[in-house]
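Okay, so here's the structure we're looking at.
The values are calculated or read from the model by the stated rules, or taken from the named source; none is laboratory data. Owing to the predicted nature of the structure, the values given are computational and were not obtained by experimental measurement. Methodologically, a virtual Cβ is constructed for each residue, glycine included, from the backbone with ideal geometry; neighbour enumeration extends over all protein chains shown.
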Amino acid sequence: MAKKTSELPGYDAYRESQAKLARERSAEGRDIGKPPKIRNTRRRSAAGKSLLQFCLTYFPARFPWPFSDAHKVAIERMERCVLNGGRFTLAMPRGSGKTTVAECALLWAVLYGFRRFVLLVSANDPLATNSLKKVQKELETNDLLLEDFPEVCYPIRKLERINHRAKGQTSQGEPTRIEWTNDGIILPMIKGSKASGAVIRVAGIEGAIRGLSVVGPLGEILRPDLVLIDDAQTRASAKSPTQTTDREAVIGDDIIGLAGPEVSIAAVQLCTVIYPGDLSDRFLSHEKHPDWQGLRTKMLESFPTDMDWWDGYAEIRRESLRSGDEGKRANEHYLANRAQADAGAKVSWESRFKAGEVSAIQSAMNLYYDSPKGFLAEYQNEPEQAGIEPGAKELERVELTKRLTGLERGIVRKEATTLTAFIDMGGGFGRGMWWAVCDWDQTFGGSVIDYGAWPRQNRTNFAADDMRPGLLDAYPGFSLEQALYKGLEELTASILGRRYPRQDTGEMMPVDRCLIDSGWQPSTVYQFIRSTEFKVFPSKGVGRSETARGVAEWRPRPGEKSGFHWRLTVSESGRGRMVQFDPDAWKSFVFERLTTPIGPRGAMRFYGKNPYEHEMISEHCWSETSIPKTLRGSTFDKWTQRPHRPDNHLWDCLIGCAVAASVEGITFASSTAVPSTQQPAKPKLKFSEQYAQKHGGKR
């Protein structure tokens, strides 16, 4: 009988020799050998002494134009922070290449071994991921970096964009311990390299930053020692004081504490101001954050002297664009009068102008006339403070949060006799609905005993366009109309299908009347109200205008019921009744309730003891201001949203609750009525006239 192959003499030795050969071949395939020598040591050494020189030397394609003085200041401050530590905030005009400069500073810090762990923070995760990809691309494809930093770039090139090769890569038999992932980078361990094991990470400011650390190539714990913060706010977060405060805390507490208690982290923040008091504006303030050494730079260091000429130019340019000649006539007019046009103007970056434009001054003035207020904010970093005209009204957020009953959520005051609710459909967002429940006493004093959004949110502060989940998330497979209807069913069951305990007796009180805004999606609202068992009216605010009289001036019709700037009439659907009211009059009325000192009759407050609990609703109440307006001899408060259109839905809910209380019979003393006459506001100058006066331009 023949023996098995495995039993033949010498087979085991043969098998082992073949396995050894395979291992050697595999090791040879993983081993990249010794990195090439540095091509130009003098060039590398010179760039190591200057971040500006590094940018110009190794990234010429990313910096095709000469740097402005603002760029040079930014780069010098970054260099100082990288080498010596400290904190610095620099506001630069939108589109100045801040992100590119920050990415290059990150590479300079790790390639020369100045910092071991660099973190780049962006406004959100997608922006952070995009920055990481650009950094990785430079390390993978930049031939100049490969020539002068072969100990870093050569091992990365040898991965050949196959990331899993990093785990087994060796150099002359020693593991490089390189990490190359979508989350970050650990640079290769190469003998003699100052960048060995350096860490690069990126993060969105709302991501997992607190306590960030990694295990280094040798098992050591590494924490960030340099943070570059690049435009940490979005337009949505900038208009929200609550989100701004949250991000301010993340930077001041979480990011600054990343290095640990014994290390002072170096931090640079590059930003652009969007609105007064936003995140950038706060960190640039020497009063609020003196430790951040804030510095603002502008596109126009001084405006042209002859603003009258530029007003005429702007008209020519608008007509030129409308006629389809793409601004050519405007360019000709500018070139023919350039000395007069440019007189007095000083631009911070001479090279910055678009194709089809003649100069940086012309480009800046085009941006100014396209959006004067936007230009002052995002290109000048000095947004115009919204002035309050004589007779105007606005609510103070901080003061609102102090108006507390001390009662738990959902508890009715002992003085109250009536409960009302209001549901705001959320307008064109379609993300969700907003609601409030208020109690009222016979002096028309009130308290907000409950409020929120639907679907329910897991956060206490959020924007209307960032509700998670939204209606369509909560009801998958539904159309928007179906989701709204289903949402109304569940929301009304939640707030109207319950009873609210009274403070003194514990008596359980129902909501006496609920109004639902029918200005958006009226057919869905009417359909729901026809089928619901609860006491609900559709409602709609009807404002005064040049062509429309106020509700209080409408002639009564048979079968209608009316009160203070409201009427209960036949609904627009022709079936059932609806409440129509003057929103301006009722906003002024609620304004008075919210500014009446606590104690006297007629004041309005919020439930609870914790003022921070009501930051979001206070923002909504702050979202609008009024100015006196006169129509047909009658002066009233005209309420409008602030320029950056913050959310106002909960403010509308309080207005609706007050209207519902009046419909249910709650009255007030005549002394609390909205004044019928006021002094008209002084005429305002044109925006360009105001700015010219402020900055020395000729009018």
GLU378 vs. criteria over 23 Å from SER539 (Cα atoms) and within 21 Å of the chain's Cα centre (by Cα): yes
In the stretch 553-600, the residues that are hydrophobic (A, V, I, L, M, F, W, C), surrounded by 13 or more Cβ atoms within 10 Å (Cβ to Cβ) and not in a strand (DSSP E or B): TRP554, PHE564, ALA585, TRP586, PHE589, VAL590, PHE591, LEU594
Qualifying residue in the stretch 354-373 (condition: of a type in the set (S, T, N, Q), outside any loop (DSSP other than H, G, I, E, B) and free of Cβ contacts under 8 Å to residues at least 40 places away in the same chain): yes
Boolean, PHE537 is surrounded by 15 or more Cβ atoms within 10 Å (Cβ to Cβ), of a type outside the set (Lys, Arg), assigned by TED's automatic domain parsing to the domain that holds ARG409 and closer than 30 Å to SER240 by Cα: no
Selection within the stretch 35-49 - farther than 24 Å from GLN169 by Cα and surrounded by 14 or more Cβ atoms within 10 Å (Cβ to Cβ): ARG43, ARG44, ALA47, GLY48
Candidate set: the stretch 506-523, residues that are free of Cβ contacts under 8 Å to residues at least 60 places away in the same chain and not small (Gly, Ala, Ser); chosen: the one nearest to PRO538 (Cα to Cα): PRO522
LEU404 vs. criteria touching a His at 6+ places or on another chain (Cβ under 9 Å) and either closer than 15 Å to VAL590 by Cβ or of a type in the set (Lys, Arg) (or both): no
Only listed residue being at pLDDT 95 or above and not in a loop (DSSP other than H, G, I, E, B), chosen from LEU146, LEU132: LEU146
Failed item, numbered, when ILE255 is tested on (1) exposed (fewer than 15 other Cβ atoms within 10 Å of the Cβ); (2) at pLDDT 85 or above: (1)
Residue within the stretch 179-190 that is of a type in the set (Asp, Glu) and either assigned to a loop (DSSP other than H, G, I, E, B) or assigned by TED's automatic domain parsing to the domain that holds ASP465 (or both) present: yes
Scope the stretch 496-508; condition of a type in the set (A, V, I, L, M, F, W, C) and surrounded by fewer than 16 Cβ atoms within 10 Å (Cβ to Cβ); matching residues: MET508
Among (1) at pLDDT 90 or above; (2) within 21 Å of GLY519 (Cβ to Cβ); (3) under 37 Å from the mean Cα position of the chain (by Cα) - the single one MET616 does not satisfy: (2)
Residue match in the stretch 486-493 (condition: part of a strand (DSSP E or B) and in contact (Cβ under 8 Å) with a residue 12 or more places away in the chain): no
Selection status of ASP517, acidic (Asp, Glu), out of contact with any Gly (no Cβ under 6 Å at 6 or more places or on another chain) and either surrounded by 16 or more Cβ atoms within 10 Å (Cβ to Cβ) or not assigned by TED's automatic domain parsing to the domain that holds LEU488 (or both): yes
Count - residues of the stretch 410-458 that are part of a strand (DSSP E or B) and among the acidic types (Asp, Glu): 3
Search result, residues across the stretch 621-651 that are out of contact with any helix residue (DSSP H, G or I) (no Cβ under 8 Å at 6 or more places or on another chain) and closer than 21 Å to GLY432 by Cβ: GLN641, ARG645
Number of the condition not met by ILE178 [criteria: (1) aliphatic (A, V, I, L, M); (2) surrounded by fewer than 19 Cβ atoms within 10 Å (Cβ to Cβ); (3) touching a strand residue (DSSP E or B) at 6+ places or on another chain (Cβ under 9 Å)]: (2)
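Rundown of residues vs (1) under 17 Å from LEU139 (Cβ atoms); (2) surrounded by 22 or more Cβ atoms within 10 Å (Cβ to Cβ); (3) within 25 Å of the chain's Cα centre (by Cα), yes/no style:
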| position | (1), (2), (3) |
| --- | --- |
| VAL82 | no, yes, no |
| GLY85 | no, no, no |
| PRO93 | no, yes, yes |
| ASN124 | no, no, yes |
Pairs with Cβ under 7 Å, 6+ apart, first in the stretch 45-67 and modelled with pLDDT of 95 or more, second charged (D, E, K, R): LEU51/GLU79; LEU52/LYS72; THR57/ARG43
Residue list for the stretch 341-351, restricted to those being touching a helix residue (DSSP H, G or I) at 6+ places or on another chain (Cβ under 8 Å) and over 21 Å from ARG329 (Cα atoms): ALA345, VAL347, SER348, TRP349, GLU350, SER351
Condition met for ALA339 (more than 27 Å from the chain's Cα centre (by Cα), within 27 Å of ASP69 (Cα to Cα), part of a helix (DSSP H, G or I) and outside the structural domain of PRO241 (by TED's automatic domain parsing)): yes
The listed residue being touching a Leu at 6+ places or on another chain (Cβ under 6 Å), of a type in the set (A, V, I, L, M) and farther than 29 Å from GLU301 by Cβ, out of LEU132, LEU111, LEU120: LEU120
